[in-house]
Protein chains: 2
Amino acid sequence: MSRPTVHPVEPPPARDVANHHQYQPRVRMKQVQGMPGTRGGLTLRALQVAFGVVSVSFMATTSDFRSVTAFCYLVIAVSLQILWSLLLGIVDVYALMVKRSLGKPVMIRFFAIGDGIMSTLTFAAACASAGITVLIGNDLNRCSVNHCVKFETAISMAFLSWFATMPSFLMNFWSLANSQ
Amino acid sequence: MSRPTVHPVEPPPARDVANHHQYQPRVRMKQVQGMPGTRGGLTLRALQVAFGVVSVSFMATTSDFRSVTAFCYLVIAVSLQILWSLLLGIVDVYALMVKRSLGKPVMIRFFAIGDGIMSTLTFAAACASAGITVLIGNDLNRCSVNHCVKFETAISMAFLSWFATMPSFLMNFWSLANSQ
């Protein structure tokens, strides 16, 4: 509460401007880079897809990933993440092309919930796979008969894909709370 | 945007009330059950501590949890979660006893960041341990020589502890966004 509290009736200028802007959400939302429909948002989606594709490629090219449930789950979860990010990336490209912002609360809610679910799935898959890779590599010392480097690369990329999803989720959730 | 957009200058009543209330954040914050300093918030902290204690107890009483990195990490992460929740539970009890709300943005930011970090650590530990337990139980069928039931109970309780932390985090993050 950095604003003065000695004049409780007079609204502060910053809040006043925000009040006027709530009737023009497209203008207000556009200013936050990283939100859907901005270049920052598109960059985040591109990173999510890129890291996800590298992750799935490395994991799927190991011969024995099918024998471990967590690795199969990683491939499924990151594939879902890729599809979701690709879809929203296309929406971002469309919004940028027609110069239209995606600042409607109903859309932000949809994006926030989707990002929340997808990032949780990806993070869970990456953690489960990381636990197993550490078990194989450190606890059992069986990296010689397993594709530890490929597993580690796939898991690192899944973590990076999750890391790129978090700003999307947090920003959407933040502006959803602000729009209420 | 369910409010009318045909009168862009006149502020809507709901927003107006919120504007007046921002000079009395203690009154406004108190109304949201689950926030720090409320009975709902205290209940969430109690659940986090209870599930965490059961989780650590079950994991720590297995003889071989030390040989698996992820299980050690689970014990450490959930112990940190217990300490954090216990600390904030005591703060909640104090706030309830002196009937003082914890609605200051600087405190909510502290709680939101702490809850975010703690819930991420607990969730990561639970997922990593779950991946290994599924590997032992389903993929390798070695539950006969391992404490699968104890592991599963500990992991379920860790997930429940994480599940009880999420409302705390989301509500703190939500009201942090609202207070900006």
Any hit, region B:72-79, residues being closer than 15 Å to residue B:161 by Cβ, open to solvent by 70 Å² or more (accessible area, probe 1.4 Å) and in a helix (DSSP H, G or I): yes
Filtered residues of region A:44-72 (kept if over 14 Å from residue A:91 (Cβ atoms) and in contact with a Gly (Cβ under 8 Å, 6 or more places away or on another chain)): A:69, A:70
Whichever residue in region A:126-158 is surrounded by 19 or more Cβ atoms within 10 Å (Cβ to Cβ) and more than 20 Å from residue B:68 (Cα to Cα) and, among such residues, is farthest from the other protein chains (Cβ to nearest Cβ): A:157
Residue B:165, sole failed condition from (1) away from chain A (no Cβ under 14 Å); (2) within 18 Å of residue A:169 (Cβ to Cβ); (3) not hydrophobic (A, V, I, L, M, F, W, C): (1)
Long-range neighbours under 9 Å by Cβ, at least six apart or interchain, first residue on the phi > 0 side of the Ramachandran plot within region A:151-180, second part of a helix (DSSP H, G or I): none
Qualifying positions in region B:102-119 - more than 17 Å from residue B:44 (Cβ to Cβ) and either open to solvent by less than 50 Å² (accessible area, probe 1.4 Å) or touching a Cys at 6+ places or on another chain (Cβ under 8 Å) (or both): B:105
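Residues checked against (1) among the hydroxyl-bearing types (Ser, Thr, Tyr); (2) within 27 Å of residue A:141 (Cα to Cα); (3) away from chain A (no Cβ under 11 Å):
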position	(1), (2), (3)
B:57	yes, no, yes
B:81	no, no, yes
B:93	no, no, yes
B:96	no, no, yes
B:104	no, no, no
B:123	no, yes, no
Cβ-Cβ under 8 Å pairs, at least 6 apart or on other chains, region A:84-109 side aliphatic (A, V, I, L, M), far side open to solvent by 60 Å² or more (accessible area, probe 1.4 Å): A:96/A:39
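The values are calculated or read from the model by the stated rules, or taken from the named source; none is laboratory data. Computed from a prediction, not measured in an experiment: that's the story for all the values here. All Cβ positions, even for glycine, are placed from backbone atoms using ideal geometry, and neighbour counts span all protein chains on display. Surface accessibility is based on the protein's heavy atoms, side chains included, excluding ligands, DNA and RNA. Shrake-Rupley method; radii C 1.70, N 1.55, O 1.52, S 1.80 Å.
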